[in-house]
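Presented below is the structure to which this report refers.
The values are calculated or read from the model by the stated rules, or taken from the named source; none is laboratory data. What you see is a predicted model; the values in this text were computed from it and never measured. Every residue, glycine as well, gets a Cβ built from its backbone with ideal geometry; the counts of neighbours run over all protein chains shown.
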Amino acid sequence: MAPASAIKQILVVGGGSAGWLTACHLARQLQCQQPGSVQVTLLESSDIPTIGVGEGTVPAIRQSLQYLGISETDFIRECDATFKQGIKFVGWRQAVSGLPHHYYHPFDYPEQQSVALTPYYLLNPGTDSFANRLTIQGRVCDAGLAPKTISHCEYDGLCNYAYHLDAAKFAAFLTRHATEKLGVKHVKANVRAVRQHADGSLASVLTDTAGDISADFFVDCTGFRSLLLGETLQVPFISKNDILLADQAVAMQIPYAEPDSPIPSYTLATAQAAGWIWDIGLSKRRGTGYVYSSQFADADTAERTLRQYLGPAAAALPCRHIPMQVGYRQSFWQKNCVAIGLSQGFVEPLEATGLLVYDAAARYLAELLPLDTRLLPAAAAQFDQHVHYAWDRVIDFIKLHYVLSDRRDSLFWQANRLPETIPASLQAKLSRWQQQLPSQYDFASRFEIFNLDNYLYVLYGMDFTTDLTLRRSCYPEHAVAERHFSQIRQQACQAVQQLPAHRQLLAQIQQYR
Ligand code: FAD
């Protein structure tokens, strides 16, 4: 017989992407650990919509989908998904000779090669961009190509990739997978009140149409509202808006001009006076939005900026204004309740960190969760420590994009470089990296969300200077490095011949039996 302290019922409240990902991870893990002894239930409101944005991902999503037993073909077909090979940043530095500055943060990670190529690029930069010297992926993106062919296996490709997806369809797809394949129970009702035990831990949620639902462990996936952790358990929210100034978004979905318009296999992030615009190509439409700071632009100006960017095609289309809470909860796990998703934390979606952090946190929770309530405090302390670390590193990385900008054309860009807005952890690294290269030791934790390669692409894509003059003799392998650079150029030419157009591959996947 299970002890009185055993966890037998887990209730996930909230059915956005975060809620369903968490339910899938918990159910998948519990299937292996204790088949049939723990029931995962997901409760969501039919009246309160999900946030409905969140279309960009990073490559780690592939491991998760595969681990959860999801077919890539089904996922692509049902979520209108497309391939994402990185992010193209336009205008994040001042234009040179009238041409807008641009660079790629691609997903291929060449520093894992035997010879670290970065110092050789810095010692002899030439005319090619940093990304183009180190990987073929920028050229593949520029040519409008997919990262793989139809003959590659699921989740495998010539280039590393993630996806763009329709957030509402993704949540619906995960709903089917969780309920049909992983045994998650699905309840639709509104939570009207939350009942607590005498020690403050959660006992049940009282709903309008499904009665009182009790559980031993609760996951708060109720979005920005944070109904369980924030409202009920009163865990304060720590704002990081003093570091990351963007706190609003205006979003718009827009059809393609023609049914066969090319679909970029990257997210386009174009800097504006008070923030930046995302432009994402899904298989059936584009998803776009202006992420901006309300200190430097009002809602009307922001909407006008987005409409101007989109041109006449957007004139009659509706848009949605979305306030963003930037920061995270002081604690993510209190007593028998953990928050995952927007209820846990959020920063502007520049590097698609939402799903990335929520998915990683959900998988971590699934592995860490003890099935004996007496062990919860130790697990909570560990989870809190590690997930806080992850959020702080995410904030450093997003801030990096602004700190490296030399734009002076608006107060927003100037304010972003004020020393008091820059975290000390980031400032210390940048000071050191002016004289020595970033190294793997700078990213030593298992809970790094962004690693060496991600930093290198942004640093040197944005023309950061590391002075290697005094260390020149540490890098004697010029000939070997040059051979690598030349191979990369050749591989790029071959790849451009071999890979199909992005839209063509998506059409093949739709037809593939
Ligand atoms: P939500 O989608 O808000 O879901 C909340 C759920 O809680 C809903 O099901 C609702 O019905 C339920 N609920 C609330 N109250 C109750 C109640 N009383 N009773 C019952 N149920 C209740 N992430 C990325 O990874 N990539 C991106 O490109 C990206 N872009 C973004 C752009 C913007 C402008 C914003 C704001 C976010 C973006 N994100 C992005 C983050 C992304 O939106 C989230 O990753 C994702 O949608 C998860 O949201 P969620 O599930 O936490 O919350």
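For the range 232-239, the condition holds for at least one residue, the condition being that it is within 15 Å of the ligand (Cβ to nearest atom), under 30 Å from L202 (Cβ atoms) and part of a helix (DSSP H, G or I).
One line per residue, one yes/no per condition, for (1) farther than 30 Å from T267 by Cα; (2) within 14 Å of the ligand (Cβ to nearest atom); (3) in contact with an Asp or Glu (Cβ under 9 Å, 6 or more places away or on another chain); (4) not assigned by TED's automatic domain parsing to the domain that holds G354:
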position	(1), (2), (3), (4)
G16	no, yes, yes, no
C24	no, yes, no, no
C32	yes, no, no, no
G36	yes, no, no, no
V40	yes, no, no, no
E44	yes, yes, no, no
P49	no, yes, no, no
I76	no, no, no, yes
C79	no, yes, yes, yes
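Within the range 252-311, being of a type in the set (A, V, I, L, M) and not in a strand (DSSP E or B) holds for A257, I263, A273, A274, L282, A297, A299, A302, L306, L310.
When Y309, Y292 are screened for being within 11 Å of the ligand (Cβ to nearest atom), out of contact with any Pro (no Cβ under 7 Å at 6 or more places or on another chain) and over 23 Å from A171 (Cα atoms), only Y292 passes. Please go through the range 333-355 and pick out each residue that is more than 10 Å from the chain's Cα centre (by Cα), within 6 Å of the ligand (Cβ to nearest atom) and on the phi > 0 side of the Ramachandran plot. If the condition is that a residue be more than 10 Å from the chain's Cα centre (by Cα), within 6 Å of the ligand (Cβ to nearest atom) and on the phi > 0 side of the Ramachandran plot, then G341 is the only one that fits.
For the range 402-447, the set of residues classified as in contact (Cβ under 8 Å) with a residue 40 or more places away in the chain and within 21 Å of P119 (Cα to Cα) consists of L404, L437, listed by residue number. Quick one: in the range 204-225, which of the residues that are hydroxyl-bearing (S, T, Y) and more than 9 Å from the ligand (Cβ to nearest atom) is farthest from R307 (Cα to Cα)? The selected residue is S214. Taking the criterion of being touching a residue at least 40 places away in the same chain (Cβ under 8 Å) and more than 10 Å from the ligand (Cβ to nearest atom), the residues of the range 176-203 that qualify are H177, A178, K181, L182, G183, V184, K185, H186, D199, G200, S201, L202. Filter the range 255-268 for residues that are surrounded by fewer than 24 Cβ atoms within 10 Å (Cβ to Cβ) and under 21 Å from E348 (Cβ atoms) and give the result. Listed by number, the residues that qualify are P264, L268. Being among the hydrophobic types (A, V, I, L, M, F, W, C), assigned to a loop (DSSP other than H, G, I, E, B) and assigned by TED's automatic domain parsing to the domain that holds L355: is that true of A210 here? So A210 fits the description; yes. For S425, the stated conditions hold: it is in contact with a helix residue (DSSP H, G or I) (Cβ under 7 Å, 6 or more places away or on another chain) and exposed (fewer than 15 other Cβ atoms within 10 Å of the Cβ). Take Y328 and tell me if it is surrounded by 15 or more Cβ atoms within 10 Å (Cβ to Cβ), in contact (Cβ under 8 Å) with a residue 40 or more places away in the chain and more than 24 Å from M462 (Cβ to Cβ). When the stated conditions are applied, Y328 passes them.
Here A271 fulfils each of the conditions (1) free of Cβ contacts under 8 Å to residues at least 12 places away in the same chain; (2) more than 26 Å from Q344 (Cβ to Cβ) apart from (1).
The residue list L26, L21, L43, L30 contains one member that is surrounded by 21 or more Cβ atoms within 10 Å (Cβ to Cβ) and either under 27 Å from V291 (Cβ atoms) or under 15 Å from the mean Cα position of the chain (by Cα) (or both), which is L21. Scanning the range 385-431 for residues that are more than 24 Å from T466 (Cβ to Cβ) and not aliphatic (A, V, I, L, M) gives Q385, H386, H388, Y389, W391, D409, S410, F412, Q414, E420. Kindly evaluate G91 against the criterion of being under 28 Å from R320 (Cβ atoms) and buried (at least 21 other Cβ atoms within 10 Å of the Cβ). Judged against the criteria, G91 is not a match. Of the strands (runs of 3 or more DSSP E) lying entirely inside the range 136-201, the ones with 2 or more residues being out of contact with any Lys or Arg (no Cβ under 6 Å at 6 or more places or on another chain) and surrounded by fewer than 23 Cβ atoms within 10 Å (Cβ to Cβ) are found at 185-188, 191-196.
Residues being within 16 Å of the ligand (Cβ to nearest atom) and surrounded by 15 or more Cβ atoms within 10 Å (Cβ to Cβ) are entirely absent from the range 408-416.
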